[in-house]
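The values are calculated or read from the model by the stated rules, or taken from the named source; none is laboratory data. These figures come from a predicted structure and were not determined experimentally. In this analysis, Cβ positions are derived from the backbone assuming ideal geometry, glycine residues included, and neighbour counts consider all displayed protein chains. These area figures cover heavy atoms from the full protein model, side chains too; ligands, DNA and RNA do not enter into them. Shrake-Rupley method; radii C 1.70, N 1.55, O 1.52, S 1.80 Å.
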Amino acid sequence: MVDCTGLENRQPARVREFESHRFRQQARFTRETNSTARDAKGNGVTRIALVTGGAKRIGRAICLQLAARGYGLAIHYRTSQQEAEQTRADCLAAGAAFAEMVFGDLSDPLFRAGLIRQVTHQLGRIDLLVNSASLFEFDDVGSFTPERFSAHLQSNYLAPVELTLALHRQTLDAAAQAHVITLLDQKIFNLNT
């Protein structure tokens, strides 16, 4: 267990304001509410989850299971808008209190810096963070570049760590609790170069 007590946001207010403005430009929230939800903020919903990479594969399966248990969902996606829309519809049909799509690039440090804050602002809180998003672009000796390697580290390693720390800071401020599940892509441990 990592003790994150005492960590705080040390960025100057001007930088935070810029990041917040840039985040609002990069993140698009699309909400569709099930008729059984009490209100758009999720009041009456016992649990709210943010699932990164929630539009496809394992992230989608996790969203559907959480929906069946009545969670309200924030479904993050980067390039899979149609899949995210289908996942949202399927989650509502499966019993999700609400489903909100969150567009953004986890390899962008400014997007990562604002994601937890923005989702919490939109939904009221986050009870469960599932770090499921991953980037896997095959490379070999001929195609390897430091930029591609950095992009993999940004989205597959730094994003889960930074999102977890941001959620921790926010739950401390609100005297609340949240849970985190992180799925790591094999690219971190099984480099193919």
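All but one of (1) in contact (Cβ under 8 Å) with a residue 12 or more places away in the chain; (2) out of contact with any helix residue (DSSP H, G or I) (no Cβ under 9 Å at 6 or more places or on another chain) hold for residue 143, so report the exception by its number.
(1)
Across segment 67-91, what is the total count of residues that are surrounded by fewer than 24 Cβ atoms within 10 Å (Cβ to Cβ) and in a helix (DSSP H, G or I)?
Looking only at that region, the number is 8.
Given the condition aliphatic (A, V, I, L, M), open to solvent by 40 Å² or more (accessible area, probe 1.4 Å), in contact (Cβ under 8 Å) with a residue 40 or more places away in the chain and part of a helix (DSSP H, G or I), answer yes or no: does some residue in segment 52-61 qualify?
So far as segment 52-61 goes, yes, one or more of its residues are aliphatic (A, V, I, L, M), open to solvent by 40 Å² or more (accessible area, probe 1.4 Å), in contact (Cβ under 8 Å) with a residue 40 or more places away in the chain and part of a helix (DSSP H, G or I).
In segment 146-173, which residues are acidic (Asp, Glu) and either buried (at least 18 other Cβ atoms within 10 Å of the Cβ) or touching a residue at least 40 places away in the same chain (Cβ under 8 Å) (or both)?
Of everything in segment 146-173, just one residue is acidic (Asp, Glu) and either buried (at least 18 other Cβ atoms within 10 Å of the Cβ) or touching a residue at least 40 places away in the same chain (Cβ under 8 Å) (or both), namely 162.
Out of the residues in segment 92-134 that are among the charged types (D, E, K, R) and assigned to a helix (DSSP H, G or I), which is least open to solvent (accessible area, probe 1.4 Å)?
Filtering first and then ranking leaves 112.
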